1. Being out of contact with any Asp or Glu (no Cβ under 8 Å at 6 or more places or on another chain), under 22 Å from Val63 (Cα atoms) and crowded, with 24+ Cβ neighbours inside 10 Å: is that true of Val168 here?
2. Mind checking which strands (runs of 3 or more DSSP E) fall wholly inside the stretch 81-182 and carry at least 2 residues that are within 30 Å of Met1 (Cβ to Cβ) and either without any contact (Cβ under 8 Å) to a residue 24 or more places away in the chain or within 17 Å of the chain's Cα centre (by Cα) (or both)?
3. Could you tell me which residue of the stretch 208-225 is surrounded by the most Cβ atoms within 10 Å (Cβ to Cβ), considering only residues that are free of Cβ contacts under 8 Å to residues at least 40 places away in the same chain and touching a His at 6+ places or on another chain (Cβ under 9 Å)?
4. Would you confirm whether any residue within the stretch 71-80 is in a helix (DSSP H, G or I), under 16 Å from the mean Cα position of the chain (by Cα) and in contact (Cβ under 8 Å) with a residue 24 or more places away in the chain?
5. Taking the stretch 11-32, which residues are among the hydrophobic types (A, V, I, L, M, F, W, C), farther than 14 Å from Thr69 by Cα and touching a residue at least 40 places away in the same chain (Cβ under 8 Å)?
6. So which residues in the stretch 11-46 are out of contact with any Cys (no Cβ under 8 Å at 6 or more places or on another chain), surrounded by fewer than 24 Cβ atoms within 10 Å (Cβ to Cβ) and more than 27 Å from Arg292 (Cα to Cα), if there are any at all?
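The values are calculated or read from the model by the stated rules, or taken from the named source; none is laboratory data. Owing to the predicted nature of the structure, the values given are computational and were not obtained by experimental measurement. All Cβ positions, glycine included, derive from the backbone under ideal geometry; neighbour counts span all protein chains shown.
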Amino acid sequence: MKCKLVDLSEAIAALVRDGDSVQLGSGLETAIPFAATFELIRQRRQNLHMISPISDASTDMLVGGGCVTEVSASWIGNVSGGLGHNYRRAVEKGEPHSIKVNDYSNLSLAMALFAGAYGLPYAPVKSILGSDILKSNANLRSAENPFAEGSEPVVLVPALRPDVSIHVVQRADKHGNNHYWGSSGVAKEAALAAEKVILIAQEIVEPEVIASDPSRVLVPGFRVDAVCHVPFGTHPSPLTGYLKRDNEFFNDYHKGSRDPEHYAEWAEEWIFDTSGPDGYQQKLGNRLKDLRIKGEQFGAPANYAFE
């Protein structure tokens, strides 16, 4: 099998093009690939369409970096602080430039990725009936359920198929096979819906380790285009079993992004001056050590024998 291990900078350069639709943050507040966010900004990608189920401050950073012209999301901001300052400036003032916003609810965005994953043209939902989301997202269509007796309205949510989907896993082998545990949100659907998949792995292990527990596989290796070994590549978001959420970092970012000048200073310090994941970890220093999860709580063993 082909070895898919590459540096993160090489993966972004080879697989993410200007104008692509890029999915980030499908784990719903955990396992957000911030290392990829920083690399997209370093490489000054432009005209990206960000598909962000819950990306915490990731998409807000990309908007501030001038990388984004379209957003499909239910909310863009900082979970610790509120609506993202860069996102709000882009929508209200066109700074650093205007962005198109496709509003979704959390469920309707998940269903759009579900439809993309399973080759469906759309998914029907009812939860956004009566909301203003239908007015703000022209892609959504109201319809009648043809199987119901009498009138029963539904909303048809067209499939989303990202050009690139980026995910963090706890471990992977060099062929792209992987293990993930903890809350996965809509990660599996997002990965299966995408044309290309980049994995950021906390650890690289032998293929036998992955084969020993097939139930933990997030996305099959043959669907993975690149594996990047970036320990703690989720920081400042958490990763089950390895890293706690860095609330102080998020709060500092929220304060530092209140105006474009301070955001530029923040980005220079934390993105451009660090040069890459290794420099970023060195800058974190003991802070990263304090955030590491030190306890152990293992799940019960599972017997996969079939004879």
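1. Spelling it out, Val168 is indeed out of contact with any Asp or Glu (no Cβ under 8 Å at 6 or more places or on another chain), under 22 Å from Val63 (Cα atoms) and crowded, with 24+ Cβ neighbours inside 10 Å.
2. Per the criteria, 164-172.
3. Taking the candidates together, the pick is Ile210.
4. Taking every residue of the stretch 71-80 in turn, none turns out to be in a helix (DSSP H, G or I), under 16 Å from the mean Cα position of the chain (by Cα) and in contact (Cβ under 8 Å) with a residue 24 or more places away in the chain.
5. Ala11, Ile12, Ala14, Leu15, Val16, Leu24, Leu28, Ala31, Ile32
6. The answer is Ala13, Ala14, Leu15, Val16, Arg17, Asp18, Gly19, Asp20, Ser21, Gln43.
Yes/no matrix, rows are residues, columns are (1) under 30 Å from Phe34 (Cβ atoms); (2) in the same structural domain as Gln23 (by TED's automatic domain parsing):
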{"residue": "Ala115", "(1), (2)": "yes, no"}
{"residue": "Pro121", "(1), (2)": "no, no"}
{"residue": "Pro124", "(1), (2)": "no, no"}
{"residue": "Ser131", "(1), (2)": "no, no"}
{"residue": "Glu144", "(1), (2)": "no, no"}
{"residue": "Ser165", "(1), (2)": "yes, yes"}
